[in-house]
There are 2 protein chains.
Amino acid sequence: MILIRLAASFRSRTVRFCLATPLLIVSLHAGPWESLFDGKTLDGWKALGGQAPYAVEDGSIVGTTVADTPNAFLATQRTYGDFIFECEVLQEGGPTNSGIQFRSQSLPTYQNGRVHGYQFEIDPSPRAWTGGIYDEARRGWLYPGTLNPAAADLYQLGRWNHIRIEAIGSSLRTWVNGRPVSHVIDGLTREGFIALQVHSVGKQLEQVGRRIRWRNLRIQTSELVPSPLDAIPVRNLQPNDLSAAERAAGWRMLWDGATGARWRGVNQTGFPAQGWTFANGELRCAPTGAKPRGGDLVTQESFGAFEFQFDFRLTAGANSGIKYFVTERPPTEGALGLEFQLLDDERHADAAKGAGGNRLLGSLYDLIPRAVALNGLGIAPRIGEWQHGRIVVHPDHRVEHWLNGINVVEYTRGSPLFKSLVARSKFEKNEGFGLAEKGPILLQDHGDEVHFRSLKIRPLR
Amino acid sequence: MILIRLAASFRSRTVRFCLATPLLIVSLHAGPWESLFDGKTLDGWKALGGQAPYAVEDGSIVGTTVADTPNAFLATQRTYGDFIFECEVLQEGGPTNSGIQFRSQSLPTYQNGRVHGYQFEIDPSPRAWTGGIYDEARRGWLYPGTLNPAAADLYQLGRWNHIRIEAIGSSLRTWVNGRPVSHVIDGLTREGFIALQVHSVGKQLEQVGRRIRWRNLRIQTSELVPSPLDAIPVRNLQPNDLSAAERAAGWRMLWDGATGARWRGVNQTGFPAQGWTFANGELRCAPTGAKPRGGDLVTQESFGAFEFQFDFRLTAGANSGIKYFVTERPPTEGALGLEFQLLDDERHADAAKGAGGNRLLGSLYDLIPRAVALNGLGIAPRIGEWQHGRIVVHPDHRVEHWLNGINVVEYTRGSPLFKSLVARSKFEKNEGFGLAEKGPILLQDHGDEVHFRSLKIRPLR
């Protein structure tokens, strides 16, 4: 069959308009489409959650916001595992948050039947994260719009927008108006219903009466042909896993998930004989108080410009960190390097030290504080749970720290500002601090239990 | 007559193409065009400066770069005062700097006949300042491309580009491919030749043999009708002058050029009785060593989000500064505020203090060093000459310091980084430093002679 995708957005500095650009995608063996909506009734659907009403009008399903009710959902009676889903969405009467649940569930055993699971986000707010993937009532943001900022312009308020979701095996992908938005790899839930969300508006009366319309809802469940891989970033939540899309983008594992290969102790040639352990796909630094300790780990390899991703799980009160461009010094002095700080901000005393918060989780330790208040974003640090870090060192020496999908620190190695910060820091006497051309990456043993997994790196040019 | 302008550039994240967009500009009373080139000979032109050859080929004038010769010029034998000039330019064989002189001169009394004056810059380097106005062999950059970054995409290497210059009275304006690039107000030279530049390539042999073609050169000198005013920034070099374009953009004078109106002494209600003087349109802080001194000046008015421009002239070894969001304290403690540092970096001892250069000219004093090395840009600080400063405080609290047309400091008031910088600065004990909602602007009397003029402000929303 032949599938034609429409709508590409072009932008100039003075003019912004939309141009229909046919992107021809020919899939010779794709399976048949099944309609999820007969255009006249809500047969095959059921209401869950809050009291927002759903109706049929002019061949579309219409949901309307009401005050003082929780998130409402119109869910399919059937469940779907692997599928390709498409529909169109139009918002009328002003912006309001919405979304489309998929592989989602409502279980008596989970928060009294609260709808939870993957959500294709519809977000007409200024941040414009439509097409991002949110884990409703469960883990929060899996793929915030920050990961693919080029997609922020795709969704248009007040117009019909074309939406596509591909959920095939562990690969979850979304499109808005023919352009790719999100790519998550996750295996937590393999099957569930599809549901149209009308988000709670609480007591914001100006948001009452806004309408969300869905039409042309259809699904394929057999003979699925995934779309070709796009160049957008992949967020892989499967532990120590490297997807084909990540491999194609140049990523490789920096830890094999089971042994000490690629790593060694600081000032040592081999992996420490004690302190660090491997179990269940986790690289664990010895519990707080345990002795003897393993000391810091460094990569066998050195890196210049690179992108590094890691999952980490902090225990209560823990201090640790990822150092990069590391210089090894005599054992009594410790290894020196730029540090992505890992800390339980609430319980560790170091949080209040330094200056202006420059020792909080995600900060460039003792130099640049984490720039973003994360609590409002549904991405707050979670002690005891897996969190995600990313360090990007560009070839032009710009550096970024990302925490749970948000860019929290930006600076340029060697810039006047960088040098002035170092000159008034713990590192003021360390000539050339952080300016090495290359260096290993270090996992810190600060005496506390911390867990790592999914350590991945790719060189940048 | 009807003049049709062509070529507008549209850009998307994935596709970039050029689209012919007719912009219809109807000028009913414009004067007649006179051709400056007959298509066959160089009649009416003369060679000046270096040895690069000029020839006629296929209806265009062709200049070719050669090694080891100064900048070369093909100049009109006639001179022009007020005019509208148009031509087309094509570069072949790779990028090389070029330009079109206007109101320019070659005088035995000025550097042995060296060609000098206004130049419409042709700059295919990555910074892409084509259409900027450079004062050749005289004051350097008057309108660098930094002032209008939206124009950086207009000029296309390897294609014919349409160029327009309007020099009418003190107003000098440029266009590339139908879009406005520069707007300078300056009265230094009112008449001179037009000349086509082939820039020196020195010993860069890979740049030898590159060709610049000009065609369809034409000029209007009577019944001139200026183009409607555009929204691009104006750089007004006329002392204490406010042009119609600046007024339209919301600018007003913060000093009237002759009295103490709008200003007062810190902790005083009136203008200081001594120390500060007005003469020749300059506001002068008393000579170094003179006593008694006037102390700091502040505006009568307070400002929140604003854009402030100022010309300043430092004497050798001088220290001064512009403070904003100023808080007045008892006379023994001095006024407190964020400071755009003014300093003779070469001669004043404060240049080496602070940390990492955060007390150099243009820096946010003791907090953020000037981020840019200015010497390579033709915009180096010039002690004893007029320089230009600009402070932009956006409504979202982002702040910029500009020095001689270049953005040298950027920060956000109240950000975690800002607070961490303050916490390790001279201001560490000043609770809430720099965070006032509004405050006056201050001219510092640091005991040295410094001159100000052209103080202009506009509120930002």
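So for each of A:202-210, B:160-168 I average, over its residues, the number of other beta carbons within 10 Å; can you give me the resulting order with the highest mean first?
B:160-168, A:202-210
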For residues of B:147-154, the mean tally of beta carbons on other chains within 10 Å: 1
What does the C-alpha gyration tensor say about the overall shape of segment B:346-406? Classify as rounded when a/c is under 1.5, otherwise prolate if a/b is larger than b/c, or oblate. oblate
Dipole moment magnitude, nearest 20 debye, segment A:2-220 about Cα centre, only Lys, Arg, Asp, Glu C-beta charged: 420 debye
Considering only protein heavy atoms, what is the solvent-accessible area of A:His394 at a probe of 1.4 Å, reported in Å² to the nearest 10? 40 Å²
How high is the FRET efficiency between A:Leu188 and B:Ala248 when r is their beta carbon distance and R₀ equals 51 Å, given to the nearest 0.05? 0.30
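Average partner chain C-beta neighbours within 10 Å, per residue of B:415-428?
Mean number of neighbouring Cβ atoms from other chains: 6.
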Cβ under 11 Å from B:Ala335's Cβ, B:Ala335 left aside: what net charge do those residues give with Lys, Arg +1 and Asp, Glu -1? -3
Segment A:97-169: relative contact order from alpha carbon pairs under 8 Å, six or more residues apart, as a whole percent, is 22 percent
Quick calc: nm separation of the 7 Å Cα→Cβ label points for B:Gln204 and B:Gln77 -> 3.5 nm
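So if R0 is 22 Å, what FRET efficiency would A:Thr412 and B:Ser415 give, r being the distance between their Cβ atoms, rounded to the nearest 0.05?
Once rounded, the FRET efficiency stands at 0.85.
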For the pair B:Lys46/A:Ala273, report the inter-label distance in nm, with labels modelled 7 Å from Cα in the Cβ direction. 9.1 nm
Can you give the accessible area of B:Thr327, probe radius 1.4 Å, in Å² rounded to 10? 70 Å²
Toy charge model, Lys and Arg Cβ at +1, Asp and Glu Cβ at -1: segment A:239-459 dipole around Cα centroid in debye, rounded to 20, equals 160 debye
Could you please put A:Lys426, B:Lys429, A:Lys456 in sequence from largest to smallest accessible area, using a 1.4 Å probe? B:Lys429, A:Lys426, A:Lys456
Among A:Lys291/A:Lys426; A:Lys323/B:Lys426; A:Lys323/A:Lys426, which pairs are too far apart, with a Cα-Cα distance over 22 Å? A:Lys291/A:Lys426; A:Lys323/B:Lys426
Any idea what the relative contact order of chain B is, in percent, if you count C-alpha pairs under 8 Å spaced at least 6 apart? 15 percent
Accessible area per residue, Å², the protein assembly as shown with all protein chains present, probe 1.4 Å: 41 Å²
Theoretical FRET efficiency, 1/(1+(r/R0)^6), r = Cβ-Cβ of B:Ser170 and B:Thr259, R0 30 Å, to 0.05: 0.75
Backbone N under 13 Å from the A:Asn112 label point (7 Å along Cα→Cβ), restricted to segment A:54-88: A:70
Solvent exposure ordering (accessible area, 1.4 Å, most first) of B:Trp33, B:Trp141: B:Trp33, B:Trp141
Segment B:426-461 versus segment A:133-155: alpha-carbon centroid distance in Å: 42 Å
Considering only DSSP beta bridges whose two residues both sit in segment A:239-459, what percent are antiparallel, to the nearest 5? 100 percent
Taking the Cα centre of the protein assembly as shown as origin and charging only Cβ (+1 Lys, Arg; -1 Asp, Glu), how large is the dipole, in debye to the nearest 20? 60 debye
Count, for each residue of B:357-363, the Cβ atoms from other chains sitting within 10 Å of its Cβ, then give me the mean as a whole number. 2
Residue (of B:Ile165, B:Gly140, B:Leu154) at the positive-pole extreme of segment B:2-220, dipole from beta-carbon charges: B:Leu154
Selection from B:Tyr365, B:His451, B:Asn404 lying farthest towards where the dipole of segment B:239-459 points positive, charges on Cβ: B:Tyr365
Taking Cα pairs under 8 Å and at least six residues apart, what relative contact order does segment A:2-220 come out at, in percent? 30 percent
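Considering only the other residues whose Cβ falls under 15 Å of the Cβ of B:Ala286, what net charge follows from Lys and Arg at +1 and Asp and Glu at -1?
Values: positive: B:Arg284, B:Lys291, B:Arg293, B:Arg313; negative: B:Glu282, B:Asp296, B:Asp445, B:Asp448, B:Glu449.
Net local charge, B:Ala286 excluded: -1.
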Ignoring ligands and nucleic acids, what accessible area does B:His348 show with a 1.4 Å probe (Å², nearest 10)? 50 Å²
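The values are calculated or read from the model by the stated rules, or taken from the named source; none is laboratory data. Just so you know, these numbers come straight off a predicted model, no measurement behind them. Heads up, the Cβs are rebuilt from the backbone with ideal geometry, glycines too, and the neighbour counts pull from every protein chain shown. Remember, those area values only see protein heavy atoms, side chains included, never the ligands or the DNA or RNA. Shrake-Rupley method; radii C 1.70, N 1.55, O 1.52, S 1.80 Å.
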